[in-house]
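The values are calculated or read from the model by the stated rules, or taken from the named source; none is laboratory data. Note that the coordinates shown come from a computational prediction; the quantities given were computed from them, not determined experimentally. Cβ placement follows ideal geometry from the backbone for every residue including glycine, while neighbour counts extend to all protein chains displayed. With ligands, DNA and RNA removed, areas are computed over all heavy atoms of the protein, side chains included. Shrake-Rupley method; radii C 1.70, N 1.55, O 1.52, S 1.80 Å.
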Amino acid sequence: MLDAGGSRYLFHGHAIVSADDRIADASGATPAALRVEADWRRFQAALDGAVVSVLGRLGHVANPNRRGRNRLVLSSGARGLERRADAWWWNPADLPLAEALRAAAPAGGIVAIPGGRRVFDLFLDVGYDAFHLTRVEGVVVGDGVPVFSAVGPGVTAEQCLAAGGLRPGPAVGIDAGVWETVWRKP
C-alpha cells in the first residue's frame with residue numbers, strides 16, 4: 001500500500017506461470033499452454049476493477065488496449081512520465097512511483113500489475129498487497145522468462161513472494177490442472 005498526496009493505492013499482482021515458474025518462452029511470448037480461458041476471465045475482471053494497470057512495454061505492445069483501460073507502461077525510453085495517446089508512459093529511474101500514480105490515477109484505488117518480470121520485480125520491492133499466482137500443472141517452459149528475476153535453481157515464485165512478506169491463501173482450482181493462490185500481506 002502506498003499513501004500519496006491523500007490517495008491510497010493497493011498493489012495487486014497477477015501472473016499465470018508454468019510448473020517451472022515461467023511467464024514467457026525464450027522469445028518473450030506467452031506459450032499457448034499458459035493461455036487458460038478461466039484464468040483470463042478472472043484476470044480481465046480484476047483489470048476492470050483497477051484504477052490503473054502497470055505493465056512493461058513489451059506486454060503493452062503484445063496486448064493492445066482495446067478496452068481503453070487506464071495504463072501505466074514502464075519504459076526506460078520514457079522521460080519521467082509522458083501522457084501518450086495509448087497510455088501513460090513512465091520511467092521509474094526518472095520519477096518516483098507516487099508521482100506517477102498521482103498523475104495517472106489521482107483518486108487512488110487498486111493498481112493491477114500484470115507484469116512482465118521487470119515490473120513484477122519492481123513491485124516485489126515496493127510491496128504487494130496481494131499477488132494472484134496462477135499455476136498450470138505439467139507445463140514446463142525451460143529457458144523461458146521467470147516471473148521474478150530471483151527465480152532459479154532452488155528458488156521458486158512462492159519463495160520470492162514469501163520473502164516479500166506475503167502469505168498464501170488456499171489454492172483454488174479454476175480449471176483442470178490450473179490453480180490460483182492469492183498471496184496477501186498478513
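Which angle from 0 to 90°, rounded to the nearest 10, does the C-alpha axis of helix 117-126 make with the longest principal axis of the chain? The answer is roughly 70 degrees.
For HIS132, the solvent-accessible surface with a 1.4 Å probe is about 30 Å², rounded to the nearest 10.
For a Förster distance of 25 Å, can you work out the FRET efficiency between the beta-carbons of ARG184 and ARG84, rounded to the nearest 0.05? Show your work: numbers first, answer last.
Values: r = 33 Å, r/R0 = 1.34.
Efficiency computed from Cβ-Cβ geometry: 0.15.
Here the Karplus curve 6.51 cos²θ - 1.76 cosθ + 1.60, taken at θ = phi - 60°, turns the phi angles of the stretch 155-169 into couplings of 10, 9, 4, 4, 5, 5, 5, 4, 5, x, x, 9, 10, x, x Hz, with x standing for Gly and Pro. Can you give the local net charge around LYS185? Use residues other than it whose beta-carbon is closer than 11 angstrom to its beta-carbon, Lys and Arg +1, Asp and Glu -1. My count for the surroundings of LYS185 gives +1.
Considering the chain as a Gaussian network with a 10 Å cut-off on Cα pairs, which listed residue, VAL155, VAL141, VAL36, attains the greatest mean-square fluctuation? Evaluated over the chain, the most mobile residue of the options is VAL155. The residues of the stretch 1-63 expose, per residue, 48 Å² of accessible area to a 1.4 Å probe.
Within the shell of other residues whose beta carbon sits under 15 angstrom from the beta carbon of GLY6, the net charge comes to 0, with Lys and Arg scored +1 and Asp and Glu -1. Dipole magnitude for the chain: about 580 debye, using +1 per Lys or Arg Cβ and -1 per Asp or Glu Cβ, origin at the Cα centre.
Test of understanding: in a Gaussian network model of the chain with alpha carbons linked when under 10 Å, which of GLY116, GLY59, GLY77 would top the mean-square fluctuation ranking? Between GLY116, GLY59, GLY77, it is GLY77 that shows the largest mean-square fluctuation.
Between VAL155 and ARG167, what is the label-to-label distance in nm when each label sits 7 Å out along the Cα-to-Cβ direction? Spacing of the two 7 Å Cα→Cβ label points: 2.5 nm. Taking the DSSP beta bridges with both ends in the stretch 21-115, the antiparallel portion is around 25 percent.
Count the net charge of all other residues whose Cβ sits under 9 Å from the Cβ of ASP21, scoring Lys and Arg as +1 and Asp and Glu as -1. Spell out each step's value before the answer.
Working: positive: ARG22, ARG135; negative: ASP20, GLU158.
Around ASP21, the surrounding residues sum to 0.
With both residues required to sit in the chain, DSSP beta bridges show an antiparallel share near 50%.
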